[in-house]
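Visitor: Can you read through this structure? Questions will come right after.
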Amino acid sequence: MSSSLPEFQEVADESALVENRMMVVELSGRPIALIYSNFKAYAIDNECSHLGGPLGRGTLKGNTVICPLHHWSYNFTTGRIVEGVADEKIRTYEAKIEMGKVWVKIEG
């Protein structure tokens with residue numbers, strides 16, 4: 001019997017993380033931008049809600065990721081937009097670092 005409870009998937013080795021940098025990983029067939037900031041991992045959809053720009057190729061500034069296409073920016077801890085259309089949001093995922101690996105929670 002399969003469970004519908006969220007579960008964590010391994011997405012990267014901790015050694016691949018660089019402070020204040022992003023990398024794109026795959027999570028259940030979806031590209032996810034993995035962010036390492038203040039020695040903590042964060043995970044967001046890699047697609048900007050505006051025109052689908054690749055957020056993982058954007059710029060980090062504090063707790064904000066800035067899309068490389070049209071400079072819409074989002075708080076990567078909450079997914080809420082900082083600059084752009086007020087009601088836009090991107091999906092965030094729970095991420096953790098354990099036993100030298102980076103894990104991201106997905107819906108089962």
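Visitor: Grab the alpha carbons of the stretch 21-108, take their convex hull, and tell me the volume per residue in Å³. Before the final figure, lay out each step's value.
Guide: Numbers: hull volume 8.0 nm³, N = 88.
Normalising the Cα hull of the stretch 21-108 by residue number yields 91 Å³.
Visitor: Using amide H atoms built in the peptide plane, which far-off residues or other-chain residues are under 5 Å from F76 H to H?
Guide: The list, which skips near neighbours in sequence, is T64, V65.
Visitor: R0 = 41 Å: FRET efficiency of D87 with D13, Cβ-based, nearest 0.05?
Guide: Numbers: r = 37 Å, r/R0 = 0.90.
Efficiency, rounded to the nearest 0.05: 0.65.
Visitor: Here's something else I'd like to know. About its Cα centre, what dipole magnitude does the chain give when the only charges are +1 on Lys and Arg Cβ and -1 on Asp and Glu Cβ, stated in debye to the nearest 20? It would help to have the intermediate numbers written out before the result.
Guide: On the way: 11 positive and 14 negative charges, 45 e Å.
Here the chain has a charge dipole of around 220 debye.
Visitor: Search the structure for amide H atoms under 5 Å from the amide H of K101, placed 1.01 Å from N in the peptide plane, and list their residues when 5 or more places away or on another chain.
Guide: Those qualifying (amide H under 5 Å, at least 5 residues apart or on another chain) are E14.
Visitor: How much net charge surrounds E47 when only other residues with a Cβ under 10 Å from its Cβ are counted (Lys, Arg +1; Asp, Glu -1)?
Guide: Here the count lands on +1.
Every read-out reported here was derived from the displayed coordinates using simple, explicitly stated rules and does not represent laboratory data. All of these numbers come straight from a predicted model, not from anything done at the bench. Positions of Cβ are backbone-derived with ideal geometry, glycine not excepted, and every protein chain shown enters the neighbour counts.
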